[in-house]
Amino acid sequence: MKLLLTSSGKTNKSIESALLELLGKPFEKANLIFVPTAANAEQGDKSWLVDDMNNFRKMNFASFDIVDISAVSKDVWLPSFNKADVLVFGGGNTYHLLNWIKKSGLEKILPELLKTKV
């Protein structure tokens, strides 16, 4: 299991370098999925979420997908998770995110996904 935990996403070169090392291949040959679900329970301006997504987008992944596990069914989000090399869970309310990880069924498959993904 390869995890990179940050408090503000990709905010500096050392985080980028650590992700690259865990990934084991260039970003240009990897697929990323961004899960913004935790932000759904936050009120007000969410420009910080857009900035977070843009910081990852600027890394030039082969593909960049956004999937809200609270908004679509498992048959919609699962193919994106399977295709991804990097799973990014955006910031926000961790209780809300955990609730949806359980409700969506992701809780049961996440440990298996993390055997091959960052």
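The values are calculated or read from the model by the stated rules, or taken from the named source; none is laboratory data. The structure displayed is predicted, hence computed values, not measured ones. Methodologically, a virtual Cβ is constructed for each residue, glycine included, from the backbone with ideal geometry; neighbour enumeration extends over all protein chains shown.
Filter region 57-79 for residues that are acidic (Asp, Glu) and without any contact (Cβ under 8 Å) to a residue 24 or more places away in the chain and give the result.
If the condition is that a residue be acidic (Asp, Glu) and without any contact (Cβ under 8 Å) to a residue 24 or more places away in the chain, then 75 is the only one that fits.
From 21, 16, 28, which residue is surrounded by fewer than 13 Cβ atoms within 10 Å (Cβ to Cβ) and under 14 Å from residue 118 (Cα atoms)?
21
Return only the number of the condition from (1) modelled with pLDDT of 95 or more; (2) outside any loop (DSSP other than H, G, I, E, B); (3) hydrophobic (A, V, I, L, M, F, W, C); (4) closer than 15 Å to residue 2 by Cα that residue 20 does not satisfy.
(1)
If a residue has to be over 18 Å from residue 49 (Cβ atoms) and either charged (D, E, K, R) or crowded, with 16+ Cβ neighbours inside 10 Å (or both) to count, how many in region 82-100 make the cut?
3
Out of 13, 74, 29, report the one residue that is of a type in the set (Lys, Arg) and at pLDDT below 95.
13
Take the residues of region 101-115 that are under 15 Å from the mean Cα position of the chain (by Cα) and crowded, with 18+ Cβ neighbours inside 10 Å: which is nearest to residue 46 (Cα to Cα)?
101
Of all residues being of a type in the set (A, V, I, L, M) and under 13 Å from the mean Cα position of the chain (by Cα) in region 1-13, which is surrounded by the fewest Cβ atoms within 10 Å (Cβ to Cβ)? Just the residue, please.
My answer is 5.
Where residues in region 64-81 are β-branched (Val, Ile, Thr) and closer than 18 Å to residue 103 by Cα, which of them is surrounded by the fewest Cβ atoms within 10 Å (Cβ to Cβ)?
Ranking the candidates gives 76 first.
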